[in-house]
Amino acid sequence: MGKHGFGIDIGGSGIKGAPVDLRRGKLADDRFRVPTPQPATPDAVAATVREVLDHFKWDGVFGCTFPAVVQHGLVRTAANVDPAWIGTDAHKLLGKATGRDALVVNDADAAGLAEVRFGAAKDRDGVILVSTLGTGIGSALVMDGCLVPNTELGHVEIDGHDAESRAADSAREREDLSWKNWAARLTRYFQHMEALFWPDLIVVGGGVSKQADQWLHLVDVRTEMVPAKLLNNAGIVGAAVLAAEQGGGKS
Ligand code: BGC
């Protein structure tokens, strides 16, 4: 594995990328961000991904996150993205649009792997659940360093609701919830996760983990729960590491 890889994070508002120092799990240069094209159709997004790679003159294989189920490069769901993505072969699309080999993975899986390798769950064995709280709730389930991809634990049904519609950070903002009221919803959500998976450690990521001191202590769970460490860069780092280790996805 070379010293540097390249990761891109496709989000609802921005597409961000940077070269990554694979040994340290850190960005090797300032990241470059382009607003996500609207509508965020596959072709428009692919052109933006190319722009990010061109900015750094990166020619090699790259990793790319996507906020949906991505099974061997095939996008299967579209909870918070343009529905035109469903059924798209993202490896083929990005390979063609950029002229480089791409490995496309679920955003929470990439972030979770980065936290396990370099962040809040470094050197921890056992069952680790990484939850990203943002527009939706993403999940990464890792056992002794090995990722089970596409777990989609934000979409379990709790009290008759899709869990992320009540407990994601977007629900807190939309309903103007106090930290205390939002934490009560997180308690309900994470107690459910505990009952199903009995994790050894829960890592909570997403932008709101920066303010963990406001709410994390209000979440009532038995499992050790810690904020993520790589914050904004977890997806980029995780995607770059996976691409360097597995190579571009062939489809
Ligand atoms: C999607 C997941 C994604 C998560 C975070 C959910 O709505 O279904 O695939 O990881 O949002 O972006």
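The values are calculated or read from the model by the stated rules, or taken from the named source; none is laboratory data. This one's a predicted model, so the numbers in the text were calculated from it and none came from an experiment. Quick reminder, even Gly has a Cβ in these numbers, built from the backbone with ideal geometry, and neighbours come from all protein chains shown. Side chains included, ligands, DNA and RNA excluded: accessible areas come from the protein's heavy atoms. Shrake-Rupley method; radii C 1.70, N 1.55, O 1.52, S 1.80 Å.
Structure summary
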read-out: Peptide ranges 145-153, 172-180, 27-35, 94-102 listed from the most packed, as the mean C-beta count within 10 angstrom indicates; value: 94-102, 145-153, 27-35, 172-180
read-out: Gain on full stretching of the segment that runs from Lys122 to His72 - 0.36 nm per residue minus C-alpha separation; value: 15.4 nm
read-out: Which of Gly248, Leu231, Gly160, positive extreme of dipole for the chain (C-beta unit charges); value: Gly248
read-out: Alpha carbon centroid spacing (whole Å) that separates segment 32-103 from segment 109-180; value: 22
read-out: Cβ-based net charge around Arg124, under 15 Å, with every Lys or Arg adding one and every Asp or Glu removing one; value: -3
read-out: Per residue Cα convex hull volume in Å³ - calculated over segment 183-251; value: 129
read-out: Fraction of beta bridges assigned by DSSP in the chain that are antiparallel (%, nearest 5); value: 60
read-out: Charge tally in the Cβ shell below 13 Å around Leu231, where Lys, Arg are +1 and Asp, Glu are -1, Leu231 excluded; value: +3
read-out: Summed residue charge, Cβ within 15 Å of Asp176's Cβ, Lys/Arg positive, Asp/Glu negative; value: +2
read-out: Exposure ranking of Met193, Met143 by accessible area [1.4 Å probe, largest first]; value: Met143, Met193
read-out: Carbon + sulfur, % of accessible area of segment 120-228 - ligands and nucleic acids excluded, 1.4 Å; value: 47
read-out: Förster radius 22 Å - calculated FRET efficiency between Trp179 and Glu224, Cβ distance, rounded to 0.05; value: 0.60
read-out: Mean accessible surface per residue for segment 169-211, computed with a 1.4 Å probe while every protein chain stays in place, in Å²; value: 49
read-out: Potential lengthening between Ala84 and Arg23 on full extension [0.36 nm per residue; Cα-Cα distance subtracted]; value: 18.3 nm
